[in-house]
Amino acid sequence: MTVRTPTLLVVLMGSPADREHAAAVVAMAERLGLTVEQRVGSAHKTPRHVLSIIEQYEADPRPTVWVTIAGRSNALSAFVDAAVGAPVIACPPPGPPDDLWSSVRMPADVAPMLVLDPANAALAAAKILAQHDPAIAERLAHYRTATFGRVVEADRAGRAGGEKRD
């Protein structure tokens with residue numbers, strides 16, 4: 001079920017190889033009822049194309065959050081963050097540990113957030129967009145309640161199973 005909201009989550013992949021990682025972002029975003037659009041553009045290989053994507057969404061009046069997915073040298077997150085007024089969440093796909101530094105160390109005055117888990121990136125985006133859409137806020141409240149219930153039930157099941165604390 002797709003629910004259209006007055007907000008937007010743009011998932012921008014650096015290459016088609018990032019689709020699997022993006023799918024996990026999209027799955028959680030759709031579970032939370034966000035409107036999601038997926039795009040592909042490389043800050044290194046197609047910077048003009050990325051700029052045209054950015055211009056399109058900057059002209060859109062809806063409150064927007066970007067999730068950028070790029071491995072290796074993650075210029076995409078910094079490139080987008082420097083060009084937009086909306087929040088940007090960098091969510092690079094798993095790779096060698098030294099690849100992560102390109103998402104952690106950003107130039108001065110460029111501040112995308114970094115969330116490594118794709119489902120958590122969608123959750124962070126939903127929390128930001130909930131500030132503009134009460135329906136998203138309500139779905140997040142239900143999500144937190146369900147999470148709370150699962151943890152409490154696991155605790156009860158563990159105690160009922162005879163687990164003892166030292």
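Of the numbered conditions (1) within 14 Å of the chain's Cα centre (by Cα); (2) over 22 Å from residue 147 (Cβ atoms); (3) not hydroxyl-bearing (Ser, Thr, Tyr), residue 17 fails exactly one; give the number of that condition.
Residue 17 satisfies every listed condition except (1).
Report, by residue number, each residue of the stretch 19-71 that is of a type in the set (Asp, Glu) and either in contact with a Pro (Cβ under 6 Å, 6 or more places away or on another chain) or over 20 Å from residue 115 (Cα atoms) (or both). Full working, then the answer.
Of the residues in the stretch 19-71, the ones of a type in the set (Asp, Glu) are 20, 30, 37, 55, 58, 60.
Of everything in the stretch 19-71, those that are of a type in the set (Asp, Glu) and either in contact with a Pro (Cβ under 6 Å, 6 or more places away or on another chain) or over 20 Å from residue 115 (Cα atoms) (or both) turn out to be 55, 58, 60.
Inside the stretch 48-96, can you point out the residues that are modelled with pLDDT under 95, polar (S, T, N, Q) and either under 16 Å from residue 122 (Cα atoms) or surrounded by fewer than 16 Cβ atoms within 10 Å (Cβ to Cβ) (or both)?
Scanning the stretch 48-96 gives a single hit, 73.
Please verify whether the stretch 124-141 includes one or more residues that are under 18 Å from residue 39 (Cα atoms) and either touching a residue at least 60 places away in the same chain (Cβ under 8 Å) or in contact with a helix residue (DSSP H, G or I) (Cβ under 6 Å, 6 or more places away or on another chain) (or both). Spell out how you get there, then give the answer.
Keep residues of the stretch 124-141 that are under 18 Å from residue 39 (Cα atoms), which gives 125.
Now restrict to residues that are either touching a residue at least 60 places away in the same chain (Cβ under 8 Å) or in contact with a helix residue (DSSP H, G or I) (Cβ under 6 Å, 6 or more places away or on another chain) (or both): 125.
Yes, the stretch 124-141 contains at least one residue that is under 18 Å from residue 39 (Cα atoms) and either touching a residue at least 60 places away in the same chain (Cβ under 8 Å) or in contact with a helix residue (DSSP H, G or I) (Cβ under 6 Å, 6 or more places away or on another chain) (or both).
The rows are residues; the columns are (1) of a type in the set (Phe, Trp, Tyr); (2) out of contact with any helix residue (DSSP H, G or I) (no Cβ under 8 Å at 6 or more places or on another chain).
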| residue | (1), (2) |
| --- | --- |
| 21 | no, no |
| 24 | no, no |
| 44 | no, no |
| 57 | yes, yes |
| 83 | no, no |
| 96 | no, yes |
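Taking the condition of being surrounded by fewer than 21 Cβ atoms within 10 Å (Cβ to Cβ), over 15 Å from residue 124 (Cα atoms) and either modelled with pLDDT under 95 or out of contact with any strand residue (DSSP E or B) (no Cβ under 8 Å at 6 or more places or on another chain) (or both), how many residues in the stretch 17-47 meet it?
The number of residues fulfilling the criteria is 8.
Given the conditions (1) under 20 Å from residue 26 (Cβ atoms); (2) among the small types (Gly, Ala, Ser); (3) without any contact (Cβ under 8 Å) to a residue 12 or more places away in the chain, and given that residue 59 satisfies all but one, which numbered condition is not satisfied?
(1)
Of the numbered conditions (1) surrounded by 15 or more Cβ atoms within 10 Å (Cβ to Cβ); (2) touching a residue at least 24 places away in the same chain (Cβ under 8 Å); (3) not aromatic (Phe, Trp, Tyr), residue 100 fails exactly one; give the number of that condition.
Going through the list (1) surrounded by 15 or more Cβ atoms within 10 Å (Cβ to Cβ); (2) touching a residue at least 24 places away in the same chain (Cβ under 8 Å); (3) not aromatic (Phe, Trp, Tyr), residue 100 breaks only (2).
Taking the criterion of being of a type outside the set (Ser, Thr, Tyr), part of a loop (DSSP other than H, G, I, E, B) and without any contact (Cβ under 8 Å) to a residue 60 or more places away in the chain, would at least one residue in the stretch 148-161 satisfy it?
Yes, because at least one residue in the stretch 148-161 is of a type outside the set (Ser, Thr, Tyr), part of a loop (DSSP other than H, G, I, E, B) and without any contact (Cβ under 8 Å) to a residue 60 or more places away in the chain.
Quick one: count up the residues across the stretch 120-141 that are closer than 20 Å to residue 69 by Cβ and surrounded by fewer than 16 Cβ atoms within 10 Å (Cβ to Cβ). Quick ask: steps written out before the conclusion?
Quick first cut of the stretch 120-141, residues closer than 20 Å to residue 69 by Cβ only: 120-129.
Cutting the leftovers down to surrounded by fewer than 16 Cβ atoms within 10 Å (Cβ to Cβ) gives us 120, 127.
Residues meeting the conditions: 2.
The values are calculated or read from the model by the stated rules, or taken from the named source; none is laboratory data. As the structure is a computational prediction, the values presented were derived from the model and not from experiment. Methodologically, a virtual Cβ is constructed for each residue, glycine included, from the backbone with ideal geometry; neighbour enumeration extends over all protein chains shown.
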